[in-house]
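Written below as structure tokens is the structure these notes are about.
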Amino acid sequence: MTTRGESIYVVRVRRAAVPVLLWCMATAASIAVASLALRPVLRTAVPSDSLPVPAAEARGPGDLIRQPGLPPPSSPAGSFPTPSPSPAAPRTSAAPTPSAKVTTAAPARVVDGWTVTTGGDGVDTYLRSFRSEGGDAVIRIRDGVVSVVTATPRDGYSVSRAQTEPTRLVVQFISDSGDAAYLVDAMWWQGTPHGTVTRIGS
């Protein structure tokens with residue numbers, strides 16, 4: 001027969017177990033609710049109509065697997081087709097540079113007292129030395145232009161030059177006393193050179 005003290009102890013034990021039972025019931029209910037809520041998501045993630053694909057149909061590691069009856073997938077993002085190597089350009093050998101033509105001057109010849117030489121450009125140069133008692137002059141004519149190379153007066157004479165046009169030149173040797181002069185007159189006329197020495201005065 002249960003005494004009064006034992007009854008009080010049993011009542012206290014039952015009262016202490018009530019919170020534990022309530023906690024267990026709440027936990028079980030939350031697990032059940034979570035399972036019911038996740039079931040549609042799990043069905044969507046793993047479709048029931050998926051078919052196994054043989055390994056031979058896999059394109060390779062990292063590539064998409066093609067399923068039967070579906071068009072081949074496009075290139076995955078980040079992958080690009082490998083460019084085909086461009087054909088090497090044919091080597092063109094440098095054209096040989098023509099060797100420079102060496103033009104030798106024609107041998108000099110004498111025409112009417114003028115020494116004629118032909119340059120590499122094909123132009124003739126006429127050269128002639130004129131001697132007089134007043135001095136010596138060397139005249140050159142090239143391409144119709146008359147010029148003086150040297151004009152050296154003798155003792156007691158001075159030299160001057162007069163040229164009014166490119167085709168004619170006069171070199172004057174004048175005595176210091178002024179009573180005599182020697183003129184060297186050179187010109188290019190009718191395609192040929194001309195030159196004379198003239199004495200003026202006593």
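Each reported figure results from applying straightforward, stated rules to the coordinates on display, with no laboratory input. Model, not experiment: these values are computed from the prediction. No Cβ is skipped: glycine too gets one built from the backbone with ideal geometry, and neighbour counts run over all protein chains shown.
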Single residue of the stretch 118-144 satisfying the filter (in contact (Cβ under 8 Å) with a residue 12 or more places away in the chain and under 47 Å from the mean Cα position of the chain (by Cα)) that is farthest from His194 (Cα to Cα)
Gly120
Would you confirm whether or not the stretch 184-193 contains a residue that is surrounded by fewer than 14 Cβ atoms within 10 Å (Cβ to Cβ), assigned to a strand (DSSP E or B) and touching a residue at least 12 places away in the same chain (Cβ under 8 Å)?
yes
Is one or more of the residues making up the stretch 125-132 on the phi > 0 side of the Ramachandran plot and touching a strand residue (DSSP E or B) at 6+ places or on another chain (Cβ under 8 Å)?
no
Within the stretch 138-154, work out how many residues are surrounded by 14 or more Cβ atoms within 10 Å (Cβ to Cβ) and either closer than 16 Å to Gly122 by Cα or touching a helix residue (DSSP H, G or I) at 6+ places or on another chain (Cβ under 8 Å) (or both).
2
